[in-house]
Amino acid sequence: MRTIKVQTGRPYDILIERGLIDKCGQLIKEVSKAQKVCVVTDSNVEKIYAKRVIDSLKEQGFETTLFVFEAGEERKRLSTIADMYSCFADFHMSRKDLVVALGGGVTGDMAGFAAASYMRGIEFVQIPTSLLAQVDSSVGGKTGVDIQQGKNLVGAFWQPIRVIIDPDTLNTLPQHFINDGMAEVIKYGCIKDRKLFETLKNENAMDIIEDIIEICVSIKRDVVNADEREKGERMLLNFGHTLGHSLEKIYSYRGLSHGEAVAIGMCIITAASEKSGITKAGTTAEIVSLCSKYGLPTSDSAGFGEIAETCQSDKKTSAGKVNLVLLKEIGVSFTEPTELSKLEEFITV
């Protein structure tokens with residue numbers, strides 16, 4: 001089993017191995033004294049994995065209940081969290097009990113936020129079943145929901161007590177969701193690891209997916225260890241996300257997935273910084289080529305003005321500026337505060 005240790009204010013382990021989903025009860029028992037466990041999942045994942053997880057938990061003596069919400073980013077809202085609270089209360093959960101987030105990034109973000117805020121904080125475990133969640137969102141303790149004004153504007157930093165990654169769950173994903181997760185993998189290569197970027201170019205990532213997951217999670221672990229609350233280096237993980245979140249909002253979180261939006265965002269912002277002489281010539285073409293290899297879009301019909309205008313509600317804005325993540329070249333990234341009033345001009349290519 002591959003074990004990656006995260007040294008945040010509350011340290012925890014990330015475990016990676018095929019078949020772990022059927023051992024999750026034992027792995028959770030090792031780190032939790034809970035009596036009751038609420039498994040939170042969406043309507044798609046429930047059909048495939050909920051029973052296996054609950055059976056594993058029951059084998060270890062946990063009393064369990066299941067909360068299922070309708071799948072989709074549009075369900076990532078406070079009304080769903082309110083329904084979770086009601087489930088927890090009806091199940092008579094105490095501060096000593098546990099939430100298990102079983103699913104993709106939407107599930108992890110919401111279940112984590114509900115755990116962070118119910119009774120002012122109860123423990124939770126991440127069992128990510130999507131590629132995006134396995135390589136990125138399940139690690140680092142960012143939790144939250146979207147509101148009408150923007151994505152992830154309400155949330156909390158709340159670290160899990162364990163992350164259990166079973167790469168076999170990826171076998172049940174439609175190709176669209178594999179592509180979606182690859183945007184975050186490509187992001188890691190862009191901001192921190194030229195070797196990873198080259199590996200993605202020269203091989204099929206799914207043929208070596210355990211290695212890919214370990215590399216991405218290790219990069220995020222190092223960044224989070226250094227900057228748990230996103231005051232500095234952790235901002236680099238937002239490469240492509242500021243414009244990507246804007247696109248998601250423009251499409252009302254329907255029709256354009258998170259990974260697709262991030263891929264477009266990476267391409268637009270790199271083209272802009274390359275045009276300005278900040279980024280090494282040819283970098284945009286490399287990113288566009290790699291995104292295309294993994295079935296990701298690299299442009300969108302939304303106007304640059306609309307994208308820039310929507311960025312004003314991004315949570316990374318402050319005092320009329322937004323912190324853009326830019327590349328000097330593949331593998332070398334930095335943040336650049338940019339006036340919102342000048343953003344449209346900057347990104348227009």
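The values are calculated or read from the model by the stated rules, or taken from the named source; none is laboratory data. Everything numeric here is computed off the predicted structure, so don't read it as measured data. All Cβ positions, glycine included, derive from the backbone under ideal geometry; neighbour counts span all protein chains shown.
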| message | Let me spell it out: the conditions are (1) buried (at least 19 other Cβ atoms within 10 Å of the Cβ); (2) over 20 Å from the mean Cα position of the chain (by Cα), and GLN312 meets all of them except one. Which number is the exception? | response | (1)
| request: Exactly one condition in (1) within 20 Å of ASP180 (Cα to Cα); (2) free of Cβ contacts under 8 Å to residues at least 12 places away in the same chain is not met by GLY295; state its number. | output: (2)
| message | I'm checking my understanding of the structure. Among residues of region 161-182 that are out of contact with any Leu (no Cβ under 6 Å at 6 or more places or on another chain) and of a type in the set (D, E, K, R), which one is surrounded by the fewest Cβ atoms within 10 Å (Cβ to Cβ)? | response | ASP168
| Scanning region 134-160 for residues that are touching a residue at least 24 places away in the same chain (Cβ under 8 Å) and assigned to a loop (DSSP other than H, G, I, E, B), which turns out surrounded by the most Cβ atoms within 10 Å (Cβ to Cβ)? | SER138
| message | Just to be sure before I move on: is VAL185 surrounded by 21 or more Cβ atoms within 10 Å (Cβ to Cβ), farther than 23 Å from SER292 by Cβ and in contact (Cβ under 8 Å) with a residue 12 or more places away in the chain in the structure I sent? | response | no
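Within the bounds of region 313-321, is there any residue that is hydrophobic (A, V, I, L, M, F, W, C) and on the phi < 0 side of the Ramachandran plot?
no
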| remark: Looking across region 316-349 at residues that are basic (Lys, Arg) and either in the same structural domain as GLN149 (by TED's automatic domain parsing) or over 19 Å from ILE191 (Cβ atoms) (or both), the single one that is nearest to the chain's Cα centre (by Cα) is LYS321
| task | Residues being assigned to a strand (DSSP E or B) and out of contact with any strand residue (DSSP E or B) (no Cβ under 7 Å at 6 or more places or on another chain): count how many of those fall in region 329-349. | result | 2
